[in-house]
Amino acid sequence: MATYKFLTPTLQQGLIGNHRLFQFFAQRDKGYTVINNAGVYSLTQYPAQDDLETYTAYYMGGLIHTGITDAIRTAMIAAGIGITADNFTIE
C-alpha cells in the first residue's frame, strides 16, 4: 500500500489597496486548510483553533502532509473540492 505526500490547494492573493507601494509586492500563494468533518471534506482559509479540535482530521494549508493513505487520497479527490492527483506525490 502506497503512502503519499499531500500539498493542500492554494489560492493566489495579493495585497488589497491602492497605495503606490503595493506595486512592489507580488501575489503570493495562500494555502487552504482541508477539513474532514465526519467523512465530509471541505476547504477553509481561516480555521478557528477551537474548531480544529472537533474535526475528524485536518490538514493545515500551505504545508506538506506525509503518510496519506490511498483511502484518504481517494476520498479527498472524490469530494470535488478542487483537490486532484496533482496535489499528491508518492513517498
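Computed from the coordinates by the stated procedures, all read-outs in this text should not be read as laboratory data. Computed from a predicted structure; not experimentally measured. Cβ atoms come from the backbone with ideal geometry, glycine included; neighbour counts cover every protein chain shown.
For D50, the test of being charged (D, E, K, R) and touching a residue at least 40 places away in the same chain (Cβ under 8 Å) is failed. Within the stretch 30-44, not a single residue is part of a loop (DSSP other than H, G, I, E, B), β-branched (V, I, T), surrounded by 12 or more Cβ atoms within 10 Å (Cβ to Cβ) and out of contact with any helix residue (DSSP H, G or I) (no Cβ under 6 Å at 6 or more places or on another chain). A single entry from A79, A57, A48, A75 fulfils the requirement of being surrounded by 16 or more Cβ atoms within 10 Å (Cβ to Cβ) and small (G, A, S): A79. Residues of the stretch 56-71 that are within 15 Å of the chain's Cα centre (by Cα) and free of Cβ contacts under 8 Å to residues at least 60 places away in the same chain: A57, Y58, Y59, M60, G61, G62, L63, I64. Candidates are the residues of the stretch 1-29 that are in contact (Cβ under 8 Å) with a residue 60 or more places away in the chain and not in a loop (DSSP other than H, G, I, E, B); the one that is farthest from G61 (Cα to Cα) is T3. Pairs only if they're at least six apart or on different chains, beta carbon under 7 angstrom, first in the stretch 72-87 and farther than 13 Å from A57 by Cβ, second part of a loop (DSSP other than H, G, I, E, B); list them, first residue then second. The qualifying pairs are I77/I83; I77/T84; G82/P9; I83/P9; N87/P9. Note on the stretch 4-29: among residues that are surrounded by fewer than 12 Cβ atoms within 10 Å (Cβ to Cβ) and touching a Phe, Trp or Tyr at 6+ places or on another chain (Cβ under 9 Å), the one that is farthest from F88 (Cα to Cα) is I16.
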